[in-house]
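Below is one structure, written out as structure tokens; the observations come after it.
The values are calculated or read from the model by the stated rules, or taken from the named source; none is laboratory data. The shown structure was predicted, so the numbers you read here are calculated from the model rather than taken from an experiment. Methodologically, a virtual Cβ is constructed for each residue, glycine included, from the backbone with ideal geometry; neighbour enumeration extends over all protein chains shown.
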Amino acid sequence: MIYKYLLSSLVFFMVLVPNLLYSESFVRLNSNDNVSIPRDLYYRDNFISQWWYFTGHLEGINGKPFGYEATFFIINVNNEKFKSPFGLNRLYMLHSAITDISSKKYYYKNTLSRGAYDVAGFSADKKIVWMFDSYLKGNIQDFK
């Protein structure tokens, strides 16, 4: 149970600390900014945080209903050029969950990485975000 609180606190600080410490290095959005599709669907290097969020319903072979959620987060924390692969410029987080609706059970996993040695990352030109063996790839036409 304590791990849930620790993870919630970690996520809170992942978003708050970069905003406070490195805010001058990244774009700050305000109420006058407009969303531009498809540009804003893909990774943009100058934003502090970005995420891609998917939810839906599935049906098991026996007709049993399930819900799912998958969210990839990238939090930019620094713009330094490090020689070491352990230099921290970004945090990557993946939240994945399945809800067994009829049994009223919820299963989830949160994964966090700094992206060292390409275990997590992105490629804006290839329109892909990955974390370990989970990835999101495609363009707006793929999701219609």
Problem - Some residue of the stretch 87-98 being modelled with pLDDT under 90, out of contact with any Lys or Arg (no Cβ under 6 Å at 6 or more places or on another chain) and hydroxyl-bearing (Ser, Thr, Tyr) - result: no
Fill in the blank from the handout: Requiring at least 1 residues that are acidic (Asp, Glu) and touching a residue at least 24 places away in the same chain (Cβ under 8 Å), the strands (runs of 3 or more DSSP E) wholly within the stretch 25-139 are 65-76, 90-100
Handout entry: Which numbered condition residue 69 fails, given (1) of a type in the set (Asp, Glu); (2) over 28 Å from residue 35 (Cα atoms); (3) surrounded by 12 or more Cβ atoms within 10 Å (Cβ to Cβ)
Key = (2)
Exercise for the section: Name every residue in the stretch 30-58 that is loosely packed, with under 10 Cβ neighbours inside 10 Å, farther than 17 Å from residue 94 by Cα and not hydroxyl-bearing (Ser, Thr, Tyr), in order of residue number. Expected result: 30, 32, 34, 35, 37, 39, 46
Exercise for the section: Considering every residue within the stretch 80-98, establish whether at least one is in contact with a Pro (Cβ under 6 Å, 6 or more places away or on another chain) and either farther than 23 Å from residue 27 by Cα or surrounded by 13 or more Cβ atoms within 10 Å (Cβ to Cβ) (or both). Expected result: no
